[in-house]
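Enquirer: Next up is a structure, given as C-alpha cells.
The values are calculated or read from the model by the stated rules, or taken from the named source; none is laboratory data. Small disclaimer: the values here were computed from a predicted structure and weren't measured. Glycine also receives a Cβ, built like all others from the backbone with ideal geometry; neighbour counts cover every protein chain displayed. Quick note on the areas: whole protein, heavy atoms, side chains included, nothing else; ligands and nucleic acids left out. Shrake-Rupley method; radii C 1.70, N 1.55, O 1.52, S 1.80 Å.
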Amino acid sequence: MITNNITNALLSSIEHINPQLASENAEAYLATIEKAQRDLEKIDPAIALLDKQPADSEVLAMVAAHQKQVVQSMVSSNPEDAIALTLAASIEAYSKQLEDIQAWTEGGSAVLEPMLDMIYQSILADGVDGTEYEDLMQLLVIDLLMHSDEWGLDLTALLGDDYEIYLAQITEHFGSGLHAPYGQYDDYPPKKIINWFLNTLVPSLTPLVGNQIPADSLTGQILTFYNDPKNRLGLINCARHYWTDPNGFINGSDELSSKNCERLSPTLKIIILADAADKGTITAEQWDQLIMGDVSDFEELLGISDGELGLYLMDIDGWAPSNGASGSGAGDHVETDRYPDFTESAGIYPDDLIEVLDTFPGRDLTDEELEEINRIGDQVKMLQQTLKYWLQICRDEQMAIARNI
C-alpha cells in the first residue's frame with residue numbers, strides 16, 4: 001500500500017486524467033506506455049533484492065537512473081506532463097542524495113567535490129576573515145584545476161604561459177598555516193602573485209562564469225566574490241599583514257592583532273587528510289571533523305603533539321624540511337628553524353596537485369549514511385509501485401479512448 005504524501009498527491013492527480021487525442025496520437029501514446037511498462041519491469045528483480053539484503057547505494061543509483069529514464073520517455077507524449085515531471089523531480093531528489101553519499105566511497109575527484117564545498121561553507125559561515133581570503137583563492141585554484149578540461153578551458157591561452165608558476169606558489173605558500181618566509185622568493189613575492197591573481201586570473205575568467213564555468217561552481221562563486229572591491233582589498237591586506245614566523249610552521253600571527261593562526265589551508269587539509277585516510281588512522285566519522293576543523297583537531301585525531309603537525313607533514317611523500325631562514329642542517333628543529341617544503345620551494349605545480357586529487361582515497365560510509373541509504377531504498381520501492389500504477393492508469397484510459405474513437 002502506498003502511503004507517502006507525494007504518492008497520494010500524484011494518484012489524486014492521475015484520477016483526473018481525461019486526455020483527448022486523435023486516433024493516430026492515441027496509438028502512439030499507447031505504444032509509449034507499453035514500452036515504459038516493459039522497461040520498468042526490467043528493474044523489478046533489483047527492487048526485490050531490497051527486501052532480502054541491506055540497501056546498496058550503487059544498486060539504488062542504477063534503479064533510480066532507470067526509473068528516471070522511464071519517466072522521461074513519457075514526458076513528451078504525456079497529456080499530463082506535470083505528473084511525469086513531478087515523478088521525475090522525486091527521482092532526481094533521491095538520485096542526488098545517492099550521488100552525494102557514493103562520492104565519499106569512490107575517492108578521487110568525486111570525493112573532493114563535497115569536501116571542498118564543506119570547506120567553502122565553513123569559511124563563509126562566520127564571515128571571511130584574515131587568512132581565509134587566501135584560503136578562498138586557493139579553493140578557486142583547486143576547483144579550476146579539477147574542472148578546466150571538463151569546462152573546455154585553455155588555461156595557457158587565458159592566463160599566460162607562466163600561469164603554472166603562479167598557481168604553484170598559491171597552492172603551497174598562500175593560505176592558512178603555511179606562509180613560507182616571503183623574503184626568500186624574490187622572483188615571485190606575495191604582492192606580485194596577488195596582483196596577478198586579481199588583475200589577470202579574475203578578469204580573464206569572470207566573463208566565462210555562467211557559460212563555460214558554471215555559476216554555482218566554487219570557481220564561479222569565488223570569482224564573483226573577488227569582483228567585489230571590499231573582498232579584493234581583504235585579500236590585499238591579508239598578504240600585507242599576515243605574518244608567519246620565518247623560522248616556523250603554523251606560528252602565523254596577524255601583525256596588527258597578534259592572534260595565532262590555528263587554521264589550515266584547503267591544500268594542507270587535502271594532503272594531510274589523504275595521507276591519514278590512506279594509512280587508515282582515522283574513521284569515517286572523523287572525516288567531517290578534520291575537513292571542518294583546525295590545527296588542534298588534526299593534532300588530536302592524528303595523535304600528534306601540539307606544534308608537531310609540521311613534522312607529520314614532512315613524513316608525507318613530496319614534503320621535506322626546507323633550509324628555512326636560519327636553519328640549514330638536519331639537526332635543526334623544524335618548529336624553530338625550518339618549515340615543511342614541497343619539492344624544494346618550487347611550489348605545488350598543477351600536475352603534482354592533480355595527481356594528489358586524482359588518487360585521493362575514498363572512505364567507508366558512516367552509520368548515519370547507511371541508515372539514509374535504507375530510507376532511500378524505501379522511497380525507491382514506493383515510487384516503483386507509483387510508477388506502475390500511473391502507467392496502468394494511463395494505459396487503461398488510452399485503451400478506452402482508442403475503443404471509442
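Enquirer: For segment 157-167, indicate whether the set of residues that are crowded, with 16+ Cβ neighbours inside 10 Å, touching a strand residue (DSSP E or B) at 6+ places or on another chain (Cβ under 8 Å), more than 25 Å from E299 (Cβ to Cβ) and at pLDDT 95 or above is non-empty.
Expert: No: zero hits.
Enquirer: Still on this model: Name the single residue that is nearest to T156 (Cα to Cα) among those in segment 201-223 being touching a helix residue (DSSP H, G or I) at 6+ places or on another chain (Cβ under 7 Å) and of a type in the set (G, A, S). Break it down into steps so the answer makes sense when it comes.
Expert: Let us first name the residues in segment 201-223 that are touching a helix residue (DSSP H, G or I) at 6+ places or on another chain (Cβ under 7 Å), namely 201-202, 204-206, 209, 213-214, 217-219, 222-223.
This time we only want the ones that are of a type in the set (G, A, S), so: 204, 217.
On the way: S204: 11, S217: 21 Å.
Here the residue is S204.
Enquirer: Another question, if that's okay. Taking D51 as meeting all but one of (1) modelled with pLDDT under 65; (2) assigned to a loop (DSSP other than H, G, I, E, B); (3) surrounded by fewer than 16 Cβ atoms within 10 Å (Cβ to Cβ), write down the number of the exception.
Expert: (1)
Enquirer: Give the residues of segment 355-405 that are open to solvent by 50 Å² or more (accessible area, probe 1.4 Å), under 30 Å from G108 (Cβ atoms) and of a type in the set (S, T, Y), sorted by residue number.
Expert: The one that is open to solvent by 50 Å² or more (accessible area, probe 1.4 Å), under 30 Å from G108 (Cβ atoms) and of a type in the set (S, T, Y): T359.
Enquirer: Restricting to segment 89-129, name every residue that is open to solvent by 30 Å² or more (accessible area, probe 1.4 Å) and in contact with a Pro (Cβ under 9 Å, 6 or more places away or on another chain).
Expert: The one that is open to solvent by 30 Å² or more (accessible area, probe 1.4 Å) and in contact with a Pro (Cβ under 9 Å, 6 or more places away or on another chain): D100.
Enquirer: Looking only at segment 322-352, count how many residues are at pLDDT 75 or above, surrounded by 15 or more Cβ atoms within 10 Å (Cβ to Cβ) and over 16 Å from L264 (Cβ atoms).
Expert: 5
Enquirer: Would you mention how many residues in segment 132-171 are over 18 Å from L218 (Cβ atoms) and touching a residue at least 40 places away in the same chain (Cβ under 8 Å)?
Expert: Total meeting the criteria: 5.
Enquirer: Among the residues of segment 201-229, count how many are more than 21 Å from the chain's Cα centre (by Cα) and open to solvent by 40 Å² or more (accessible area, probe 1.4 Å).
Expert: Going residue by residue through segment 201-229, those that are more than 21 Å from the chain's Cα centre (by Cα) are 201-204, 207, 227-229.
Next, from what is left, pick out any that are open to solvent by 40 Å² or more (accessible area, probe 1.4 Å): 203, 207, 227-229.
Final tally of qualifying residues: 5.
Enquirer: If we only count helices (runs of 4 or more DSSP H) wholly inside segment 207-321, which ones have 1 or more residues that are at pLDDT 85 or above and farther than 22 Å from H173 by Cβ?
Expert: Of the helices (runs of 4 or more DSSP H) lying wholly inside segment 207-321, those with at least 1 residues that are at pLDDT 85 or above and farther than 22 Å from H173 by Cβ span 218-225, 229-241, 266-279, 284-292, 295-302.
Enquirer: Now for a separate question. Can you find even one residue in segment 124-132 that is in contact with a strand residue (DSSP E or B) (Cβ under 8 Å, 6 or more places away or on another chain) and outside any helix (DSSP H, G or I)?
Expert: Scanning segment 124-132 turns up at least one residue that is in contact with a strand residue (DSSP E or B) (Cβ under 8 Å, 6 or more places away or on another chain) and outside any helix (DSSP H, G or I).
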